[in-house]
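First the structure, in the form of structure tokens, and then the observations on it.
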Amino acid sequence: MLTLLVAAVLNGEPTMLTTGPAVEAQLKAGPVQVAVSGTVERVSLGRKGGLGTAVVLDDGTAVWLTYEAPPEGWEPLLGKFVRVEGKLQGQSAASPQSMMAPHLVSPGKPVEVKRELSTLVDQTVRLVGKAENAKGGAVVLVDGKPVYVAKKDSWPDTLRTKRISLGGKLTRTQYLPQATVNAKGEISQGTSGASTDYVLRDATEPTVF
């Protein structure tokens, strides 16, 4: 990590921030030009009410863009994973509300980044997809690929077919029951021993788009 940061400084590139601890550490240095990568989402302002817009990192850290609707040109990127540069600071003077939290001020043009599920295995991630119910339990269809949400049997009707985002640790394992053969030769429902599934463990509460 230190080698990458030194290389970035020598090359004049902004430091890439992908986790909450990295954001907090950078904030201590004062306003500084950085790059962040995460999912563009509408985020609740909590007790202040309403929704703002933020780049949500894989660990759930929100780097705020605005306390209102998405900035001009950002609307089509809602639910997309992007990389964007801007000045990181603890509060936005342009905001009508006072909130001490990470803000990305004067962001540049965001660039959408495509990520394959296979490259995210065993990592803490934030996924966006369509909530559906399968025989094996609740799933999120990410680019058409089912990701099972561990320990969740089904989505309620209010969420099913909706586009949602949620975080957790992505794994790949045999999640569905394996088919068995009884003494009569009858085969039960299930998968072959070689079958594996994408599974999101310790999932957060879903956010609906």
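The values are calculated or read from the model by the stated rules, or taken from the named source; none is laboratory data. If you're wondering where the values come from, they're calculated on a predicted model, not measured in any experiment. Note that each Cβ is placed from the backbone with ideal geometry, even for glycine, and that neighbours are counted across all protein chains shown.
Across the stretch 163-190, which residue is modelled with the lowest pLDDT among those that are part of a strand (DSSP E or B) and either over 21 Å from residue 117 (Cα atoms) or of a type in the set (A, V, I, L, M, F, W, C) (or both)?
Filtering first and then ranking leaves 187.
From 51, 10, 45, grab the single residue that is modelled with pLDDT under 95 and touching a Phe, Trp or Tyr at 6+ places or on another chain (Cβ under 8 Å).
Details: 51 fails: touching a Phe, Trp or Tyr at 6+ places or on another chain (Cβ under 8 Å); 10 fails: touching a Phe, Trp or Tyr at 6+ places or on another chain (Cβ under 8 Å).
Of 51, 10, 45, the one residue that is modelled with pLDDT under 95 and touching a Phe, Trp or Tyr at 6+ places or on another chain (Cβ under 8 Å) is 45.
Looking only at the stretch 107-121, count every residue that is loosely packed, with under 10 Cβ neighbours inside 10 Å and touching a strand residue (DSSP E or B) at 6+ places or on another chain (Cβ under 7 Å) and tell me the total.
0
Let's see how each residue does on (1) over 22 Å from residue 82 (Cβ atoms); (2) out of contact with any helix residue (DSSP H, G or I) (no Cβ under 6 Å at 6 or more places or on another chain); (3) surrounded by fewer than 15 Cβ atoms within 10 Å (Cβ to Cβ):
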| residue | (1), (2), (3) |
| --- | --- |
| 133 | yes, yes, no |
| 137 | yes, yes, no |
| 141 | no, yes, no |
| 155 | yes, yes, no |
| 158 | yes, yes, yes |
| 163 | no, yes, no |
| 167 | no, yes, no |
| 176 | yes, yes, no |
